[in-house]
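The values are calculated or read from the model by the stated rules, or taken from the named source; none is laboratory data. If you're wondering where the values come from, they're calculated on a predicted model, not measured in any experiment. Cβ placement follows ideal geometry from the backbone for every residue including glycine, while neighbour counts extend to all protein chains displayed.
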Protein chains: 2
Amino acid sequence: MARIVQKFGGTSVADMVRIKAAAATVKRELDDGHQVAVVLSAMVGVTDQLVGYAAEAGGAHYSSEYDAVLATGEQGTVGLLALSLQEMGIQARSWLGWQIPIRTDGVYGKARIENIETEALERCLGAGEVPVVAGFQGLGPDGRITTLGRGGTDTTAVALAAALGAERCDIYTDVDGVYTSDPRIVAKARKLEKITYEEMLEMASLGAKVLQTRAVELAMKSGQRLHVRSSYSDAPGTLVVDEDEIVEQEIVSGIAYSRDEAKITLVQVADKPGVAAAIFGPLADASINVDMIVQNVSAGGKTTDLTFTVAKGDLERAVETVAANKKKLQYKDLISDSDVVKVSVIGVGMRSHAGVAQRMFTTLAEKGINIQVISTSEIKVSVLIAEEYTELALRALHSAYGLDAE
Amino acid sequence: MARIVQKFGGTSVADMVRIKAAAATVKRELDDGHQVAVVLSAMVGVTDQLVGYAAEAGGAHYSSEYDAVLATGEQGTVGLLALSLQEMGIQARSWLGWQIPIRTDGVYGKARIENIETEALERCLGAGEVPVVAGFQGLGPDGRITTLGRGGTDTTAVALAAALGAERCDIYTDVDGVYTSDPRIVAKARKLEKITYEEMLEMASLGAKVLQTRAVELAMKSGQRLHVRSSYSDAPGTLVVDEDEIVEQEIVSGIAYSRDEAKITLVQVADKPGVAAAIFGPLADASINVDMIVQNVSAGGKTTDLTFTVAKGDLERAVETVAANKKKLQYKDLISDSDVVKVSVIGVGMRSHAGVAQRMFTTLAEKGINIQVISTSEIKVSVLIAEEYTELALRALHSAYGLDAE
């Protein structure tokens, strides 16, 4: 008998048909003699609708009321799944964040889980009952409802699995696992049997939408194995595990991309100490995340060109923020471009293999694709290229690193 | 400075436009120097949608999960109104049933409020903040969410007004008060300035949908004045008050009707002791409410005809329940008819005036309307007639009792 936490995402509880399918999945594990706890998202689209209402009410910023409104989505689905399970003759009950409680730090809209009290849930599991837990929500120190931010239900699931000492944490979603690249673009993309936490983390933060970054971090920290799998079939998906568990590690395990990128270039900015701080300080104050940064060596020595990227949605504000300091920065020109894409090659094998980046540059050059910005970490190389080359670049790199399915 | 509880129904929080209008109504009272607590329903239609989901999930019967699902509607509107108030610069916060808490007896789907702890709300009001309370929901003894049944938000509002010692309890709705009859049918219907609790109670239970019966009972018991008024204007509506407050009481204050009636006649049922119990016992066991009952004197002395009414939705089950006992009851025939309407004349003045019922019978006879069943109480006379005469009967009675507007 194993203890399993199952998480169903928004598309897996999209309507009563899908909720009943989720109930059948719970039953399958129970029939195999396992203990099951379930964590649910809101029905797909519901959270967006609630965010829309809150924005109309004037609550575009996070607040206690914003969270109270948003938390209703998960409250609905947990009740409906518990009902469906009961209808199948299975003992079940819903648990809201405040009932368990799942205690958070009280930061509205992006709270962090501080502690999950497991006493009540253990009693529930011990009595042969299936606890159906609302994801995405918790209880702040002041007794108010707090939500964990987008994709927070993944985090709830991983935190709960860790707290309950679950053997498995199954993440049910509308794809059947983690792929070497986006199968909608790269027809030869393969489903990975296993992937390391580190790689998954890079993939999540580089555009793959399968798992929330924080959830992967948490799983890595607590050593919680994740199983990303389809809610439409019982075929095995992808295991997210520790590096030790993967015997024959590929050098590169995936090619990710993100279209949510925009580039800003400052032409002939003064090349003297303090300039970078004068540019990026105000951006940080405006909560604009800067990703890649390159600064060229200046020709004459007096000025330099500086390029950096931000999320597309932040471009306008970023340009305004920089332009407000034009006098101080003394740049000649500001060029912005949102027709760019970031393509990344990811693999823990890179650490011990030379030439991975070189192969990327060569492959792109052979296809006539110009690299605008490069950024590297221990296990990934990212480049910024013109958006129109996205598909060409992904397919070429997928082949070049030997990832194509037979 | 007065303390006011304002309740907004489903149509008065139907969308963000209406929610902002409600916020403006709150502000108007605050600007006049009053303390305001607000109680809200879910957006109109939302509860029906949730009931539909729950039914699909197999939860047609009331249960803890049914209640958890249904309570989400009010949680959404209170958050959105609190946001709207904050946007207008007004201190406000939402309160869910479990946060106050509003303690109930724990009967899912139709819980009764046992106690409202006012400490937190008093602190909130004392600090100049507007508490925005979710109607329809409370906390059961086991820490689960319970709902109060249809129209339960009225009950929450009245109970809260009583608990907080509010001077006024304003019920904002989509009509501008209580009328002498349904204005959609009786063009000459007048808005009543005042009506007694007893009359309002009869009207509510006889088909007028302005206020929930339990809320009126509770108001009567606690002596809480209610003000039924429109959320579309600030014109005065109708005050629901104690009889003492109405100096010149009309004999009849309103004509109500209900189409939700069905009639069952048992032809030639045995006329002996125990028969009524044998008919109505099983109906009660099946939770079918029987309203009017008439039994004619039998011609020969051996058998009699017995007629009773039930809600339209219960007719099929009622017929099945009676038919299952046919052997025991030995009736000759069972006739059911759902094309009937109950028309009622209501007024506390009846107690001290003779001839009120007689005038009703005469008026209907003059119009050639046959009375099928009669039932009377201290302050009302109800008759069952063929549904096709509804409009004719209402208008004739409205004139006959001198209720027509000039």
Output for Cβ contacts, cut-off 9 Å, separation at least six or different chains, first residue outside any helix (DSSP H, G or I) in the stretch A:210-236, second among the acidic types (Asp, Glu) and surrounded by 23 or more Cβ atoms within 10 Å (Cβ to Cβ), reads A:211/A:154; A:212/A:154; A:226/A:154; A:226/A:170; A:227/A:170; A:228/A:170; A:229/A:170
task = Determine if the stretch B:141-159 includes at least one residue that is at positive phi, in a loop (DSSP other than H, G, I, E, B) and away from chain A (no Cβ under 14 Å).
result = yes
In the stretch B:259-289, anything part of a helix (DSSP H, G or I), of a type in the set (A, V, I, L, M, F, W, C) and within 16 Å of residue B:330 (Cα to Cα) is listed as B:275, B:276, B:277, B:278, B:279, B:280
Residue hits (the stretch B:108-140; within 14 Å of chain A (Cβ to nearest Cβ), surrounded by fewer than 20 Cβ atoms within 10 Å (Cβ to Cβ) and not in a loop (DSSP other than H, G, I, E, B)) are B:119, B:120, B:123
Within the stretch A:282-295, restricting to residues that are within 23 Å of residue A:376 (Cα to Cα) and over 25 Å from the mean Cα position of the chain (by Cα), the one that is modelled with the lowest pLDDT is A:295
Sole miss for residue B:72 among (1) surrounded by 19 or more Cβ atoms within 10 Å (Cβ to Cβ); (2) farther than 23 Å from residue A:78 by Cα; (3) in contact with a Gly (Cβ under 7 Å, 6 or more places away or on another chain); (4) within 14 Å of chain A (Cβ to nearest Cβ) is condition (2)
Scanning the stretch B:51-95 residue by residue, those outside any helix (DSSP H, G or I), in contact with a strand residue (DSSP E or B) (Cβ under 9 Å, 6 or more places away or on another chain), hydrophobic (A, V, I, L, M, F, W, C) and without any contact (Cβ under 8 Å) to a residue 40 or more places away in the chain turn out to be B:95
Residues of the stretch B:169-180 being crowded, with 18+ Cβ neighbours inside 10 Å and at negative phi, in sequence order, are B:169, B:170, B:171, B:172, B:173, B:175, B:176, B:178, B:179, B:180
Looking across the stretch A:258-278 at residues that are touching a Ser or Thr at 6+ places or on another chain (Cβ under 7 Å), more than 23 Å from residue A:386 (Cα to Cα) and among the hydrophobic types (A, V, I, L, M, F, W, C), the single one that is surrounded by the most Cβ atoms within 10 Å (Cβ to Cβ) is A:269
Restricting the stretch B:47-69 to residues that are surrounded by 24 or more Cβ atoms within 10 Å (Cβ to Cβ) and among the small types (Gly, Ala, Ser), the one farthest from the other protein chains (Cβ to nearest Cβ) turns out to be B:54
Flagged in the stretch A:86-100 as more than 9 Å from chain B (Cβ to nearest Cβ) and closer than 17 Å to residue A:125 by Cβ, in numbering order, are A:90, A:91, A:95, A:100
- Message: Whether any residue in the stretch A:90-99 is charged (D, E, K, R), within 21 Å of residue B:81 (Cβ to Cβ) and in contact with a helix residue (DSSP H, G or I) (Cβ under 8 Å, 6 or more places away or on another chain) is what I want to check.
- Response: no
In the set B:44, B:38, the lone residue that is in contact with a helix residue (DSSP H, G or I) (Cβ under 7 Å, 6 or more places away or on another chain), more than 7 Å from chain A (Cβ to nearest Cβ) and over 20 Å from residue B:149 (Cβ atoms) is B:38
The lone condition residue B:88 fails out of (1) buried (at least 20 other Cβ atoms within 10 Å of the Cβ); (2) within 26 Å of residue A:61 (Cβ to Cβ) is (1)
Note on the stretch A:188-207: residues more than 20 Å from residue A:387 (Cβ to Cβ) and without any contact (Cβ under 8 Å) to a residue 40 or more places away in the chain are A:201, A:204
Exactly one of A:20, A:27, A:7 is of a type in the set (Lys, Arg), in a helix (DSSP H, G or I) and more than 9 Å from chain B (Cβ to nearest Cβ), and that residue is A:27
Scanning the stretch A:357-385 residue by residue, those at pLDDT below 90 and either outside any strand (DSSP E or B) or within 14 Å of residue A:400 (Cα to Cα) (or both) turn out to be A:378
Going by the structure shown, is residue A:336 small (Gly, Ala, Ser) and either within 22 Å of the chain's Cα centre (by Cα) or in a helix (DSSP H, G or I) (or both)? no
- Item | Filter result for residue A:81 (at pLDDT 95 or above and under 18 Å from residue B:54 (Cβ atoms)) | yes
Of (1) surrounded by fewer than 23 Cβ atoms within 10 Å (Cβ to Cβ); (2) closer than 23 Å to residue A:162 by Cβ; (3) within 14 Å of another protein chain (Cβ to nearest Cβ); (4) within 30 Å of the chain's Cα centre (by Cα), residue A:105 satisfies every one except (3)
Assess whether residue A:373 counts as being in contact with a strand residue (DSSP E or B) (Cβ under 9 Å, 6 or more places away or on another chain), farther than 30 Å from residue A:252 by Cβ, of a type outside the set (Ser, Thr, Tyr) and not assigned by TED's automatic domain parsing to the domain that holds residue A:240. no
message = One residue is enough: does the stretch A:153-163 have a residue meeting the conditions farther than 21 Å from residue A:2 by Cβ and either assigned by TED's automatic domain parsing to the domain that holds residue A:10 or surrounded by fewer than 18 Cβ atoms within 10 Å (Cβ to Cβ) (or both)?
response = yes
